[in-house]
1. Against the conditions (1) crowded, with 16+ Cβ neighbours inside 10 Å; (2) under 12 Å from the mean Cα position of the chain (by Cα); (3) among the β-branched types (Val, Ile, Thr), where does Val41 fall short? Just the number, please.
2. Select from the stretch 44-56 the residues that are charged (D, E, K, R) and surrounded by fewer than 16 Cβ atoms within 10 Å (Cβ to Cβ) and write down the one among them that is farthest from Leu20 (Cα to Cα).
3. Considering the stretch 57-114 alone, what residues qualify as being at pLDDT below 85, surrounded by fewer than 15 Cβ atoms within 10 Å (Cβ to Cβ) and small (Gly, Ala, Ser)?
4. How many residues does the stretch 17-44 contain that are touching a residue at least 40 places away in the same chain (Cβ under 8 Å) and assigned to a helix (DSSP H, G or I)?
5. Considering Leu6, Leu47, which residue is within 12 Å of the chain's Cα centre (by Cα), of a type outside the set (Lys, Arg) and part of a helix (DSSP H, G or I)?
Amino acid sequence: MSGDELKDFLTKKRVLKAQLTKFREKIDFEKIDKSEGDLIVDKRKELWKMFEDVFDAIYTACDETVIDSYIEEQESILENIDEIYLTVVHKFKTSNCSSSKTEVSDSVKMPKLS
């Protein structure tokens with residue numbers, strides 16, 4: 001492969017990393033309901049696959065002397081994607097717990113004061 005192809009793959013990687021950063025910021029600062037959580041899980045799988053494809057292409061195009069640094073970078077990015085997923089799961093579980101507590105307390109009737 002040529003140096004131009006490697007350059008193209010590195011550009012794709014930068015674009016994906018920017019998308020991942022925006023994705024992370026959205027999750028960190030917004031409340032998540034079930035449907036959004038499901039979409040995020042799907043998006044996580046999609047991002048994971050896209051990063052794997054880009055890094056596979058980079059490994060094919062790059063010199064063997066720098067391949068280890070790309071492997072470390074890929075592992076770091078995939079760990080970040082997993083952390084995003086765990087954050088979503090945690091937020092969703094926390095949201096469900098607080099919702100169910102509210103439902104229980106709403107069903108309790110207080111005695112009338114005379």
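The values are calculated or read from the model by the stated rules, or taken from the named source; none is laboratory data. Values in this document were obtained by computation on a predicted structure and should not be read as measured data. So basically every Cβ, Gly included, is an ideal-geometry build from the backbone, and we count neighbours across all protein chains shown.
1. Among (1) crowded, with 16+ Cβ neighbours inside 10 Å; (2) under 12 Å from the mean Cα position of the chain (by Cα); (3) among the β-branched types (Val, Ile, Thr), the lone unmet condition for Val41 is (1).
2. Residues of the stretch 44-56 charged (D, E, K, R): 44-46, 49, 52-53, 56.
Checking the rest, the ones that are also surrounded by fewer than 16 Cβ atoms within 10 Å (Cβ to Cβ) come to 45-46, 49, 52-53, 56.
On the way: Lys45: 12, Glu46: 11, Lys49: 13, Glu52: 14, Asp53: 15, Asp56: 18 Å.
Taking the candidates together, the pick is Asp56.
3. If the condition is that a residue be at pLDDT below 85, surrounded by fewer than 15 Cβ atoms within 10 Å (Cβ to Cβ) and small (Gly, Ala, Ser), then Ser98, Ser99, Ser100, Ser105, Ser107, Ser114 are the ones that fit.
4. Filtering the stretch 17-44 for residues touching a residue at least 40 places away in the same chain (Cβ under 8 Å) gives 17, 20, 23-24, 27-28, 31-34, 37, 40-41, 44.
Keeping just the survivors that are assigned to a helix (DSSP H, G or I) gives 17, 20, 23-24, 27-28, 34, 37, 40-41, 44.
Looking only at that region, the number is 11.
5. Values: Leu6 fails: within 12 Å of the chain's Cα centre (by Cα).
Going through Leu6, Leu47 in turn, just one is within 12 Å of the chain's Cα centre (by Cα), of a type outside the set (Lys, Arg) and part of a helix (DSSP H, G or I): Leu47.
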